[in-house]
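**Student:** Quick one: the structure is below, questions incoming.
The values are calculated or read from the model by the stated rules, or taken from the named source; none is laboratory data. Values in this document were obtained by computation on a predicted structure and should not be read as measured data. Quick reminder, even Gly has a Cβ in these numbers, built from the backbone with ideal geometry, and neighbours come from all protein chains shown.
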Amino acid sequence: MPIHLTINTGKIYAVRSIQKSQSKAQGAKPEKRKAIGARFVLLRPAGYPLKSVFQEHPVVSDSKLFERYAQEQWYGEKLLSGSYLFDSRLYPDFAFQVVKVYPRHSVMGSQTTIKVEAKEEPKKTVVYDVSFDDVIGQETAKRKVKIVKRFLADPEKFGRWAPRNILFYGLSGTGKTMIAKALSAETGVPMLAVKSTSLIGEFVGEGARQIHSLYEKAAESAPCIIFIDELDAIALDRRYQDLRGDVSEIVNSLLTEMDGISNRKGICTIAATNQIEFLDASVRSRFEEEIEFKLPSQEERLIILEKNAATMPVAMQNVSLKEVARQTEGFSGRDLVEKVLKAALHHAIMDDCNITQRHLEETIARARKEYRQPPKEMFS
Ligand SMILES: Nc1ncnc2c1ncn2[C@@H]1O[C@H](COP(=O)(O)OP(=O)(O)OP(=O)(O)O)[C@@H](O)[C@H]1O
Ligand SMILES: [Mg+2]
């Protein structure tokens, strides 16, 4: 059936008029109607209609290039949610399913933004190789997390008493992600991890959809932990965020899931933030427990240094880690590992020698200078 397109490319929408000539045998009169070029379409690679061992599964290597290719190839094709588009060029008959199209009842246009769903990354459900013993200090956090541990071992028993939403807060590099991983490792329960920043997509509704499918996926593998890192990126108090429609949509979608309106069982949400004081009150109130992560004490710094130093590939010579611990007041666990030990190791390698006290003390001084300068206003 021939389709004649008269193209009138608007700023956002490519609006065309399609003259649809229906089969003459049916004696139908040509029907004239407007077709709207879609603004956005989400495609899911669906595979071939037939299976064989020789099949190649194409992967989109450059999304912009693919967009051009798809716009040209499927120009004027109706985009109905659930329908298929078949490649007829590089991978003949490889199908893409239309997952979402905006606006509805539109066609592929020259301005249509096309997004292809990424393959689900199985690594996200990996059970980690970290234990509670690896986390030095943070005793309160470990004690409180025991509740979650008990619940994940037997979610049925808890019923409505189940811990649902827990908030980890505190300075960066103090072990929040580590404890979440240890919880997953020690209970053998999978953890679905997501960074809030990755939920803020280009398209309205995308983040909200991701939240929904995250909880759906968790429900499939329940009991399950959902770990939402950098919560402040989406849930900043309205006074501090330049409120974008999609961000509040993500928060609303998160609130719905956290409230468990859909009554999902065996899922525990753990969120982490460095800025609890700026969190949106409606989000913050959903957490039944707020667990603070503190900077390590001198004794704890010494243990972190000793444990990590024992695994280093270059020997230490005449080093007093006790002295290093004494000099690193205010450093987090991550600072000690990354900025002190690792930097000293790298300098020792550059100097072709073992790690000495000088290497360590120089890196401490450098770390203090780079990262710990007080704000200028304090002294002005
Ligand atoms: N309490 C701790 N005990 C042992 N090692 C620690 C501790 N805290 C931090 N570390 C070290 O620092 C690294 C980073 O810690 P982690 O990722 O858990 O920090 P975080 O609190 O999640 O930080 P952010 O807020 O930046 O995400 C760990 O992999 C570990 O090497
Ligand atoms: Mg973290």
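**Student:** Checking the conditions here, which among GLU323, GLU288, GLU338 is among the acidic types (Asp, Glu), assigned by TED's automatic domain parsing to the domain that holds ALA367 and more than 16 Å from ligand 2 (Cβ to nearest atom)? Write out each step before concluding.
**Tutor:** Numbers: GLU288 fails: assigned by TED's automatic domain parsing to the domain that holds ALA367; GLU338 fails: more than 16 Å from ligand 2 (Cβ to nearest atom).
Just one listed residue meets the conditions, GLU323.
**Student:** Further, regarding this structure: Against the condition touching an Asp or Glu at 6+ places or on another chain (Cβ under 7 Å) and at pLDDT below 95, how does ASP280 come out, does it pass?
**Tutor:** yes
**Student:** I need the full set of residues from segment 204-230 which are of a type in the set (Asp, Glu) and within 16 Å of ligand 1 (Cβ to nearest atom), in order please.
**Tutor:** If the condition is that a residue be of a type in the set (Asp, Glu) and within 16 Å of ligand 1 (Cβ to nearest atom), then ASP229, GLU230 are the ones that fit.
**Student:** What tally of residues in segment 131-169 results from selecting those that are surrounded by 15 or more Cβ atoms within 10 Å (Cβ to Cβ), aliphatic (A, V, I, L, M) and more than 12 Å from ligand 1 (Cβ to nearest atom)?
**Tutor:** Qualifying residue count for the region: 7.
**Student:** Test each condition in (1) in contact with a Lys or Arg (Cβ under 9 Å, 6 or more places away or on another chain); (2) loosely packed, with under 14 Cβ neighbours inside 10 Å for LYS339 and report the one that comes out false.
**Tutor:** Going through the list (1) in contact with a Lys or Arg (Cβ under 9 Å, 6 or more places away or on another chain); (2) loosely packed, with under 14 Cβ neighbours inside 10 Å, LYS339 breaks only (2).
**Student:** Just one of LEU305, LEU321, LEU341, LEU295 is closer than 13 Å to ILE136 by Cβ, modelled with pLDDT of 95 or more, in contact with a helix residue (DSSP H, G or I) (Cβ under 7 Å, 6 or more places away or on another chain) and not polar (S, T, N, Q); which is it?
**Tutor:** LEU305
**Student:** Run down SER184, SER172 and say which single residue is of a type in the set (S, T, N, Q), within 16 Å of ligand 2 (Cβ to nearest atom) and crowded, with 20+ Cβ neighbours inside 10 Å. First the steps, then the outcome.
**Tutor:** On the way: SER172 fails: crowded, with 20+ Cβ neighbours inside 10 Å.
After applying the criteria, what remains is SER184.
**Student:** Just wondering, is there one or more residues in segment 232-254 that are surrounded by fewer than 22 Cβ atoms within 10 Å (Cβ to Cβ), at pLDDT 85 or above and under 18 Å from the mean Cα position of the chain (by Cα)?
**Tutor:** For segment 232-254, residues surrounded by fewer than 22 Cβ atoms within 10 Å (Cβ to Cβ), at pLDDT 85 or above and under 18 Å from the mean Cα position of the chain (by Cα): absent.
**Student:** Filter segment 143-175 for residues that are assigned to a loop (DSSP other than H, G, I, E, B) and in contact (Cβ under 8 Å) with a residue 24 or more places away in the chain; which is nearest to ALA219 (Cα to Cα)?
**Tutor:** Filtering segment 143-175 for residues that are assigned to a loop (DSSP other than H, G, I, E, B) and in contact (Cβ under 8 Å) with a residue 24 or more places away in the chain, the one nearest to ALA219 (Cα to Cα) comes out as ARG164.
**Student:** What number goes with the only condition from (1) assigned to a loop (DSSP other than H, G, I, E, B); (2) in contact with a Ser or Thr (Cβ under 9 Å, 6 or more places away or on another chain) that LEU50 does not pass?
**Tutor:** (2)
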